[in-house]
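Visitor: Take a look at this one; I'll ask things after.
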Amino acid sequence: MKTTLIYVHDPMCSWCWGFTDVYEQLLEKLPAEIVIRRLLGGLAPDSEVPMPESMQAMLQQTWRRIETMIPGKQFNFEFWSQCTPRRSTYPACRAVIAAREQGEQYDPIMTRAIQQAYYQQARNPSDHETLVKLAAEIGLDAERFTSQLLDEKTHQQLLDEINSARSIGIDSFPSLMLEQNGQLTPILANYTNMDLILNQINASL
């Protein structure tokens, strides 16, 4: 019997950044027979329009809430003064897919690189230039990555993953779903206690 844990995320989702430590702890404790399937949820489509100040204020409030709620999780608020924020996460999502083309192991590596750039280094992952630099920094073939990033097939793959997530009722991130023999069981995420997640999974096996 194949059991899959579906993880739906967006590399520019601040709550996904908040979830990283617990998620990594979970991967270490999961039963060996469980397969991980990562899907990109795509928070916001392509846009060249600067983010409205009201939305910037709302996101900064979210960052502060996460810092308060999750011990040790910090954000670099210089992003808001050093970059021109746009409500556009599809480029970062496509970057993860483009990285994945050079090896499945680069999916989480590129995701983490984008998160660190955005939340800690005040760099804008909505910009292709930033994404290409990150690809080179993690050891990818930057020329091949750039070609994949701009390929229509990569965009279609993103749309397919978004549709796959929505088809199983997921439209917020991060989200976890356990799949066994076609049966789906939602797994409630917890940002500070990995055991509460693991207990749900074990109870469903």
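Visitor: Inspect all residues belonging to region 76-97 and state whether any of them is in contact with a Phe, Trp or Tyr (Cβ under 6 Å, 6 or more places away or on another chain) and surrounded by 21 or more Cβ atoms within 10 Å (Cβ to Cβ).
Guide: No, the conditions are met nowhere in region 76-97.
Visitor: Let me ask something else about it. Can we say Thr3 is surrounded by fewer than 23 Cβ atoms within 10 Å (Cβ to Cβ) and closer than 17 Å to Tyr191 by Cα?
Guide: no
Visitor: May I ask you to verify whether Gly72 is surrounded by 16 or more Cβ atoms within 10 Å (Cβ to Cβ), of a type in the set (Gly, Ala, Ser) and touching a residue at least 24 places away in the same chain (Cβ under 8 Å)?
Guide: Against the criterion (surrounded by 16 or more Cβ atoms within 10 Å (Cβ to Cβ), of a type in the set (Gly, Ala, Ser) and touching a residue at least 24 places away in the same chain (Cβ under 8 Å)), Gly72 does not qualify.
Visitor: Which of the following residues is over 25 Å from Asp195 (Cα atoms), basic (Lys, Arg) and touching a strand residue (DSSP E or B) at 6+ places or on another chain (Cβ under 8 Å): Arg86, Arg100, Arg94, Arg38?
Guide: None of the other options fit; the residue is Arg86.
Visitor: Same structure again: Please determine whether any residue of region 140-160 is within 18 Å of the chain's Cα centre (by Cα) and small (Gly, Ala, Ser).
Guide: no
Visitor: Please return the ranges of helices (runs of 4 or more DSSP H) entirely within region 16-101 where 1 or more residues are among the hydrophobic types (A, V, I, L, M, F, W, C) and under 12 Å from the mean Cα position of the chain (by Cα).
Guide: The helices (runs of 4 or more DSSP H) meeting that bar are 90-100.
Visitor: Among Ser147, Ser175, Ser126, which is the only one that is farther than 20 Å from Val35 by Cβ and touching a strand residue (DSSP E or B) at 6+ places or on another chain (Cβ under 6 Å)?
Guide: Criteria check complete, one pass: Ser126.
Visitor: Suppose we filter Arg65, Arg38 for residues that are closer than 17 Å to Phe173 by Cα, basic (Lys, Arg) and surrounded by fewer than 16 Cβ atoms within 10 Å (Cβ to Cβ); which single one remains?
Guide: Arg65
Any read-out appearing in this document is the output of simple, stated calculations on the displayed coordinates, not a laboratory observation. Keep in mind that what you see is a predicted model, and the values were worked out from it rather than measured. In this analysis, Cβ positions are derived from the backbone assuming ideal geometry, glycine residues included, and neighbour counts consider all displayed protein chains.
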